[in-house]
1. For segment 108-152, enumerate the residues that are under 17 Å from residue 183 (Cα atoms), surrounded by fewer than 16 Cβ atoms within 10 Å (Cβ to Cβ) and of a type in the set (A, V, I, L, M).
2. Condition first: modelled with pLDDT under 95, assigned by TED's automatic domain parsing to the domain that holds residue 117 and among the charged types (D, E, K, R). Can you find one or more residues in segment 30-52 that meet it?
3. How about segment 204-223: which of its residues are surrounded by fewer than 17 Cβ atoms within 10 Å (Cβ to Cβ) and under 26 Å from residue 128 (Cα atoms)?
4. Among the residues of segment 85-94, write down those that are without any contact (Cβ under 8 Å) to a residue 60 or more places away in the chain and surrounded by 15 or more Cβ atoms within 10 Å (Cβ to Cβ).
5. Residue by residue through segment 135-157, note down the ones that are out of contact with any Ser or Thr (no Cβ under 8 Å at 6 or more places or on another chain) and in contact (Cβ under 8 Å) with a residue 40 or more places away in the chain.
6. Test residue 63 against the stated conditions and say whether it is assigned by TED's automatic domain parsing to the domain that holds residue 106 and over 29 Å from residue 213 (Cβ atoms).
7. Within segment 143-236, considering only strands (runs of 3 or more DSSP E) that don't extend past its boundaries, which have at least 2 residues that are of a type in the set (Val, Ile, Thr), closer than 20 Å to residue 46 by Cα and at pLDDT 95 or above?
8. Tell me the residue from 192, 182 that is in contact with a Leu (Cβ under 9 Å, 6 or more places away or on another chain) and free of Cβ contacts under 8 Å to residues at least 24 places away in the same chain, please.
Amino acid sequence: MKFKLLYILPITLIALMTSCKKDNYDEPTSKLSGRIVYQGQSLGFENSQVPYELYQFGFGKVGPIGASFAQDGSYSTLLFDGQYKLIIPNGQGPFLWPKTASGAPDTLLINLKGNTQLDIEVTPYYMIRNATYSASGNAVTANFGVEKIVTDPAMARDIERVALFINKTQFVSSAGVNRIADAGINGSAIADPSQISLSVNIPSITPTQNYVFARVGVKVAGVEDWLYGPLEKLTY
């Protein structure tokens, strides 16, 4: 038994030392943050539903560092200093992301050194313009326009639907958990894209509150993710 213990103890000590070395690695401290924009204007999405991927050069890393954009189009992640490439996977987001000749997502190269602010420019299929909201009685009304950005027939897409969503919290989208009521019209029923008006009744809320959050959205045909306008809190 003593003979076995002589071998077990050194092995145990080595394992503990190795574990301590792993635990003593520094945490990443450089923050990469910014927004996803078109001509400087932030795009809105459903919260945490439009992903992006970061790949770090070297260090034996193969897989991506995965994250997603907030509903206001912002992003933030802590990383080690170094060189990274950022991509947005194919089929994600209501916008066009550059592709390589083979059809793979093109990369945005990032040289990270300390805290870095970086806005990511994309080309959305549409933009929501001049959205205004009002609450009167138990109804919310939104007035806004929709501008077609991608006009090349080879890449352009039609509007499938526009809608006004309201919720009792600041997370507002077409997802069932992010809306208490909505109203919308199909794209084929839009008479003038520059002048759209939608109204929705506010249902009873438990516990009672005298405010809701609202925003409008555009669903592009053949694209899973909605594009949303700015969020607004309305008191009624």
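1. 139
2. The answer is no; no qualifying residue exists.
3. Once the filter is applied, which keeps residues that are surrounded by fewer than 17 Cβ atoms within 10 Å (Cβ to Cβ) and under 26 Å from residue 128 (Cα atoms), segment 204-223 yields 211, 221, 222.
4. 85, 86, 87, 88, 89
5. Going residue by residue through segment 135-157, those that are out of contact with any Ser or Thr (no Cβ under 8 Å at 6 or more places or on another chain) are 136-138, 148, 151-157.
Once the filter is applied, which keeps residues that are out of contact with any Ser or Thr (no Cβ under 8 Å at 6 or more places or on another chain) and in contact (Cβ under 8 Å) with a residue 40 or more places away in the chain, segment 135-157 yields 136, 137, 138, 148, 155, 157.
6. Criteria met by residue 63.
7. 159-167, 211-220
8. On the way: 192 fails: in contact with a Leu (Cβ under 9 Å, 6 or more places away or on another chain).
Residue meeting the stated conditions: 182.
The values are calculated or read from the model by the stated rules, or taken from the named source; none is laboratory data. Owing to the predicted nature of the structure, the values given are computational and were not obtained by experimental measurement. With ideal geometry, Cβ positions are generated from the backbone for all residues, glycine too; neighbour counts draw on all protein chains shown.
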